[in-house]
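Working notes, beginning with the structure itself.
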Amino acid sequence: MKVFINKRIPEIGIHMLEEAGLQVALPESENLTYEEWLRYCQNTDTILSIGTDFRYDKEFFEACPNVKAIALYSVGFDHVDIKEANQRNIPIGNTPDVLSRATSDVAFLLMQSVARRASYNFQKVKEGGWDAFDPLHALGQELYGKTLGIFGLGRIGFQMAEKCKKAFDMEIIYHNRHRNEEAERELKATYVSFDELVRNSDVLSIHANFTPEHKDLFNESVFEKMSPNAIFINTARGGFHQEQDLYNALTEGKIWGAGLDVTNPEPMAEDNPLLELSSVCILPHIGSATVEARNGMAILAAENIIAFSKGEEMLNCANPEIYYHHSS
Ligand code: DGY
């Protein structure tokens, strides 16, 4: 069985696939055009898919009828039309858990960086602007005992909440599709409506899966309701926030600061006005960028492909319903 991997991943994943007797193909250049990418996909049985540049939609599936399974090298699957995959019984593997620690670390890092204006101050030092001690300049805020609001309390959200609880004894409120009993029990997290989340969070951090209904959910009308001291953190997907509205909220003092590991589009343009603001810290989508998480993702994605090649269910699958459908 053939596996197309569109970018080099940690060696362990490739090694596992080869050990399992699979025929691995890597492209000659990693920056493929859509047409080049399609050509590789037309000539493979399975894809170990890195990045979200291209969509797996009706057009793709029709153009690549030989593809029988896709293992994403990500937990997010917003670039896959799951309905179209289901219609063709194509399992879509993903990589939850192994990146939860690393991604929640980045949310925690952004929260602190914004609270203490770390990236602004670092930039000042680099530019030779380390001035005399000033009791009033660029003051940050402390997080002790403040309220963390989590939008989407799953695995990553839980870890962010746990860190904030342990480090700063923060109160945890959350809004989710389902109640998270573990978080309520272990972190004393309180389920609230979306409106309460927005109004009562000192730090609001997004950890939900992105779906089309979420597009621009955090917009002017939401920022309006937030506290002027609130910090907005997005490590999930850039589509969650309306960028111009976020910029306005920051410059008009409707919220205090923002930390983003994701933008829309990615990469963010270097002249983006958000980059000028002292109240902002922006990272280039590095949530899972640790040796440990990336190795874990390579192993899990390879395991997903290997399981499929043996006719077994993938270990982690964004559309497990296709298996229930088969066995019924
Ligand atoms: C994920 O795993 O979804 C990360 O955001 C990388 O795309």
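The values are calculated or read from the model by the stated rules, or taken from the named source; none is laboratory data. All figures in this text were calculated on a predicted structure; none of them were measured in a lab. Positions of Cβ are generated from backbone atoms using ideal geometry, with glycine treated the same way; all protein chains shown enter the neighbour counts. Just so you know, the surface numbers come from the protein's heavy atoms only, side chains and all, with ligands and any DNA or RNA stripped out. Shrake-Rupley method; radii C 1.70, N 1.55, O 1.52, S 1.80 Å.
Within region 268-287, not a single residue is open to solvent by less than 20 Å² (accessible area, probe 1.4 Å), modelled with pLDDT of 95 or more and acidic (Asp, Glu). Within region 243-253, is even one residue under 20 Å from the mean Cα position of the chain (by Cα), away from the ligand (no atom under 15 Å from the Cβ) and surrounded by 21 or more Cβ atoms within 10 Å (Cβ to Cβ)? The answer is yes; a qualifying residue exists. For the condition open to solvent by 70 Å² or more (accessible area, probe 1.4 Å), over 30 Å from Thr46 (Cβ atoms) and small (Gly, Ala, Ser), what is the one hit in Ala118, Ala132, Ala138? Unique residue meeting the criteria: Ala132.
Cβ separations smaller than 7 Å between residues 6+ apart or across chains give the following pairs from region 69-91 residues that are acidic (Asp, Glu) to residues that are within 8 Å of the ligand (Cβ to nearest atom): Asp78/Arg237. Number of residues in region 141-162 that are in a loop (DSSP other than H, G, I, E, B) and either open to solvent by 10 Å² or more (accessible area, probe 1.4 Å) or of a type in the set (A, V, I, L, M) (or both) equals 8.
Is there a residue in region 166-173 that is among the β-branched types (Val, Ile, Thr) and open to solvent by 30 Å² or more (accessible area, probe 1.4 Å)? No; the residues of region 166-173 include none that is among the β-branched types (Val, Ile, Thr) and open to solvent by 30 Å² or more (accessible area, probe 1.4 Å).
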